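Student: Quick one: the structure is below, questions incoming.
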Amino acid sequence: MANRKIKVDYLARVEGEGGLLVKIKNDRVVDVQLRIFEPPRFFEAFLQGRDCSEAPDITARICGICPVAYQMSAVHAMENAFGVEVDGPLRALRRMIYCGEWIESHALHVALLHAPDFLGYPDALRMAKDHPGIVERALGIKKAGNEIIALLGGREVHPINVRIGGFYKVPTKRALGPLAETLKRAREAAIENVRWTGELPFPEFEQDYEFVALRHPWEYPMNEGRLVSNRGLTIAVRDFENAFVEEQVPHSHALHSRFANRDGAYLVGPLARYNLNHDRLSPVAREAARTAGLASVCRNPFRSIVVRSVEILYACDEALRLIGEYEMPDRPAVEVRPIAGTGCACTEAPRGILYHRYRLDDRGVIQEAKIVPPTSQNQKVIENDLRQFVQAHIDLPEEMLGLRCEQTIRNYDPCISCATHFLKLKYERD
Amino acid sequence: MGKKRRPRLAVWKFASCDGCQLSLLDCEDELLAVADRVEIAYFLEASRATMKGPYDLSLVEGSITTPQDAERIRKVRKASRVLVTIGACATAGGIQALRNFKDVKEFVSIVYARPDYIETLETSTPISDHVPVDFELRGCPINKRQLLEVIQAYLVGRRPNTPSESVCLECKRRGNVCVMVARGTACLGPVTHAGCGAICPSYDRGCYGCFGPMETPNTASLSREWAHLGATDPEIQRVFRGVNAYADAFRKESEAHGK
């Protein structure tokens, strides 16, 4: 028993292809590898030479689960390069479509991917046989999120309506009426869903993380803000690459992120957002969190399912607020003229901060692109969690320990397709 | 109920964004019903419970970009009675097939701290380049209604009904004003396979060809029309080099406008 290996060849209920290897020697964990073998797709390489206007549609294809996040980071980075600011109803619509993606992506993870771990099922379809109400409720919430994306974006996966400067077409106020009715029902369901997740059995497991998320002067962060941490980091987005660097590890096709000038991993995603922005949640979301037993800071990653549920509720509530205040703008997009330069942006994808940087020529043709997705930033934290968790539960039977390891990974809702799009290629230029 | 074995469904992933398999989970109203009708025997994104083949229906997402995957798709084919590709990656190589247009000599070195790195093929190719495919469902992403139609069709043993006409016909049926005629917006609709419901023109933009080429598209004529509207060769080339860049008709047309 002293020496053993926990190996999961293909992780299930995550987006993309990955595996896990934990090596134990004399009852000590000696190695942990979150293995990512998703084939690389070289997005940064073929973005070179493309027009800036194509970036939202091309980068959306990095991830079918969170295409809106890629589109948001892409358009904000381009606008940053061109010195354009999008505000008013267009800004509100962007926030609204992002709410849709948070709802859709989080509901997928909470009910279909994560909950089966807590209740002991291999998947949500089998779980639905015993708990039909819970799964149906979550599917209903998810559908409401998808309805926002489909209405504002044209379709749920890879929406087509987002462009630099705004949208191709904006909805009338009246068109949002039926959506508001759907969202009111979803908000009620989301309150129930928070309460339900609060009652799940959680392993005792608290870690002293450094959380990194955006922070905005008055909003729960989505498209804007400064990058902050609970240990005093506070920087503008343009300083992202001074604060964080990426390095390659042999067992992963995704680069690992770490602090540039100090040791340690950092955590991004719902837990970080919640802990750093609890005071920015709407009253209904804050109240639901409290009744579900969440303090204003949560250090147990297994409870991320509750935090995600709180964010679903917040996103329903926020989308309703935005619909209530919406007035149709007189044009669907502000005018944008490309200028040579560099622009960057960081937005809060469902899984955490997503950084884009583009260098452009004076015609708006992309010369260089850099994309740092949330899952690559979380890889180190995931491996640390696994090390700690396995060491603390070394006596669990093999199968149970393996299951718990999978759950530990799923705590982060890792999106391996996102993390692996970007093996670096060097071009030789004449 | 229960006596007859339910048909076994498998969902496979190769190089892709997961969006097409997500479309199945996005069938919020139908998902539980589908799971009743078929046995979900292999679908890693949804379940950790897997069954060995053979499978009655395999849905394949993603393109082939590594030697390992070229091997794996052959095993999937062997284990599958019916194999259907879902989406532009599996059907045409996807956006990642843009690498196919680069001279590999340009990739001088791959910057790595460690050399132990998985091999990547020089090209991203559709599933049909590797194994026989029974049906190809178009789209980037696929349309979830069409996906349900495909599953239903194979459950009862008929061909799926997914029209191969152009997006223009869907656009006319929606009563859209033609974005190209009325506004001079470049639109791939006239040469693009139907299936999305003409979403882009309905949102006042030109189609960018997510569903790939329609049957016998007249791409040359469309390019001439764009040139009249003032599009340059590099611009025309770029439009054809999107998510279906490696689909035969789009590839040839893009090559007619530069290297």
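Every read-out reported here was derived from the displayed coordinates using simple, explicitly stated rules and does not represent laboratory data. Quantities reported herein were computed from a predicted structural model and do not represent experimental measurements. Cβ sites come from the backbone with ideal geometry, for glycine too, and all protein chains shown count toward neighbours.
Student: Give the aspartates and glutamates whose C-alpha is closer than 16 Å to that of B:Lys75, dropping any in the same chain fewer than 8 places away, or say none.
Tutor: The reachable aspartates and glutamates, counting only those whose Cα sits under 16 Å from B:Lys75, are B:Asp56, B:Glu61, B:Asp129, B:Asp134.
Student: May I pose another question? Please give me the summed charge of the neighbours of A:Pro122: other residues whose Cβ is under 14 Å from its Cβ, Lys and Arg +1, Asp and Glu -1.
Tutor: That works out to -2.
Student: If the elastic network links every pair of Cα atoms under 10 Å, which of A:Ala333, A:Ala175, A:Ala345 fluctuates the most in the Gaussian network model of chain A?
Tutor: Maximum among the listed residues: A:Ala175.
Student: Given the options A:Leu354, A:Val365, A:Gln377, identify the residue whose Cα lies farthest towards the positive end of the charge dipole of segment A:332-397 (+1 on Cβ of Lys, Arg; -1 on Cβ of Asp, Glu).
Tutor: Final value for the positive-end residue is A:Val365.
Student: Okay, next question. If I build a Gaussian network model for chain A, linking alpha-carbon pairs within less than 10 angstrom, which residue out of A:Ala186, A:Ala107, A:Ala292 has the largest mean-square fluctuation?
Tutor: Of A:Ala186, A:Ala107, A:Ala292, the most mobile in the Gaussian network model is A:Ala292.
Student: Classify chain B as rounded, prolate or oblate from the Cα gyration tensor: take a ≥ b ≥ c as the square roots of its eigenvalues, call it rounded if a/c is under 1.5, otherwise prolate when a/b beats b/c and oblate if not.
Tutor: Numbers: a/c = 2.39, a/b = 1.28, b/c = 1.87.
Verdict is oblate for chain B.
Student: Something else now. I need the helices of chain A that pass two filters: whole DSSP H segments spanning 24 Å or more by Cα along the axis, and mean Kyte-Doolittle score no lower than -0.5.
Tutor: Passing helices, by number: A:88-107, A:132-153, A:304-325.
Student: While we're on this one: Label point 7 Å out from B:Asp233 along Cα-to-Cβ: which residues of segment B:196-227 have amide N under 20 Å?
Tutor: B:219-227
Student: While we're looking at this one, here's another question. Hey, rough spin-label estimate for A:Ser296 and B:Asp129, points 7 angstrom out along Cα→Cβ, what's it come to in nanometres?
Tutor: 5.7 nm
Student: Calculate the length of the line joining the C-alpha centroid of segment A:40-58 to that of segment B:128-151, in whole Å.
Tutor: Going from one Cα centre to the other spans 25 Å.
Student: Based on Cβ point charges of +1 for Lys and Arg and -1 for Asp and Glu, what charge dipole magnitude is obtained for the protein assembly as shown about its Cα centre, in debye rounded to the nearest 20?
Tutor: Charge dipole, the protein assembly as shown, about its Cα centre: 960 debye, nearest 20.
Student: Next question. Mind giving me the nanometre distance, one decimal, between the label points for B:Lys252 and A:Ile394, set 7 Å out from Cα along Cα→Cβ?
Tutor: 6.6 nm
Student: Taking the Cβ of each residue in A:His158, A:His256 as the centre, tally the other Cβ atoms inside 10 Å and list the residues starting with the fewest.
Tutor: If I rank by nearby Cβ atoms, fewest first, I get A:His256, A:His158.
Student: A follow-up question, please. What is the sum of charges around B:Leu155, taking Lys and Arg as +1, Asp and Glu as -1, for the other residues whose C-beta is under 10 Å from the C-beta of B:Leu155?
Tutor: Its environment carries a net charge of +2.
Student: Can you give the local net charge around A:Val29? Use residues other than it whose beta-carbon is closer than 12 angstrom to its beta-carbon, Lys and Arg +1, Asp and Glu -1.
Tutor: +2
Student: Among rounded, prolate and oblate, which fits segment A:1-105 when a ≥ b ≥ c are the square roots of the eigenvalues of its C-alpha gyration tensor, a/c under 1.5 means rounded, and a/b larger than b/c means prolate?
Tutor: Cα axes put segment A:1-105 in the prolate bin.
Student: Related question: Based only on other Cβ atoms within 10 Å, what is the fewest-to-most ordering of B:Cys200, A:Cys344, B:Cys20?
Tutor: Least to most surrounded, the residues fall as A:Cys344, B:Cys200, B:Cys20.
Student: Of the GluC sites (Glu not before Pro) in segment B:166-259, which ones lie in a loop per DSSP and count no more than 14 other C-beta atoms within 10 Å?
Tutor: In loop regions of segment B:166-259 (DSSP not H, G, I, E or B), the sparsely surrounded GluC sites (Glu not before Pro) are B:Glu215.
Student: Right, another one. Which parts of segment A:46-68 would a label at A:Glu368 reach, counting a residue when its backbone N lies under 16 Å from a point 7 Å out along Cα-to-Cβ?
Tutor: A:46-50
Student: Quick one: if the Förster radius is 22 Å, what FRET efficiency do B:Arg173 and B:Arg145 give, using the C-beta to C-beta distance and rounding to 0.05?
Tutor: For R0 = 22 Å, the calculated efficiency reads 0.90.
Student: If you don't mind, another one. Among B:Ala97, B:Ala247, B:Ala49, whose mean-square fluctuation peaks in a Gaussian network model of chain B (Cα, cutoff 10 Å)?
Tutor: B:Ala49
Student: Find which of B:Pro132, B:Ala198, A:Val135 sits farthest along the positive direction of the dipole of the protein assembly as shown, computed with +1 on the beta-carbon of Lys and Arg, -1 on that of Asp and Glu, about the Cα centre.
Tutor: After comparing all options, I get B:Pro132.
Student: Also, I was wondering about something else. Pull out a ≥ b ≥ c, the square roots of the eigenvalues of the alpha-carbon gyration tensor of segment A:43-419, then state rounded if a/c is under 1.5, prolate if not and a/b is larger than b/c, and oblate in the remaining case.
Tutor: oblate
Student: As a check on your grasp of the helix formula, calculate [θ] at 222 nm for the protein assembly as shown: sum -39500 (n - 2.57) over DSSP H runs of n ≥ 4, divide by the residue count, round to the nearest 500.
Tutor: The helix contribution divided over the protein assembly as shown gives -11500 deg cm²/dmol.
Student: Further question on the same structure: What translational D, rounded to a whole number of µm²/s, comes out for the protein assembly as shown from Stokes-Einstein when the hydrodynamic radius is the Kirkwood one over Cα pairs, at 25 °C and 0.890 mPa s?
Tutor: Result for D is 97 µm²/s.
Student: If you don't mind, there's one more thing I want to ask. Pairs to check: A:Lys143/A:Lys380; B:Lys13/B:Lys78; A:Lys143/A:Lys173; B:Lys52/B:Lys78; A:Lys23/A:Lys370. Give those whose C-alpha atoms are more than 23 Å from each other in this structure. Could you put the intermediate results ahead of the total?
Tutor: On the way: A:Lys143/A:Lys380 33 Å; B:Lys13/B:Lys78 16 Å; A:Lys143/A:Lys173 21 Å; B:Lys52/B:Lys78 12 Å; A:Lys23/A:Lys370 34 Å.
The answer is A:Lys143/A:Lys380; A:Lys23/A:Lys370.
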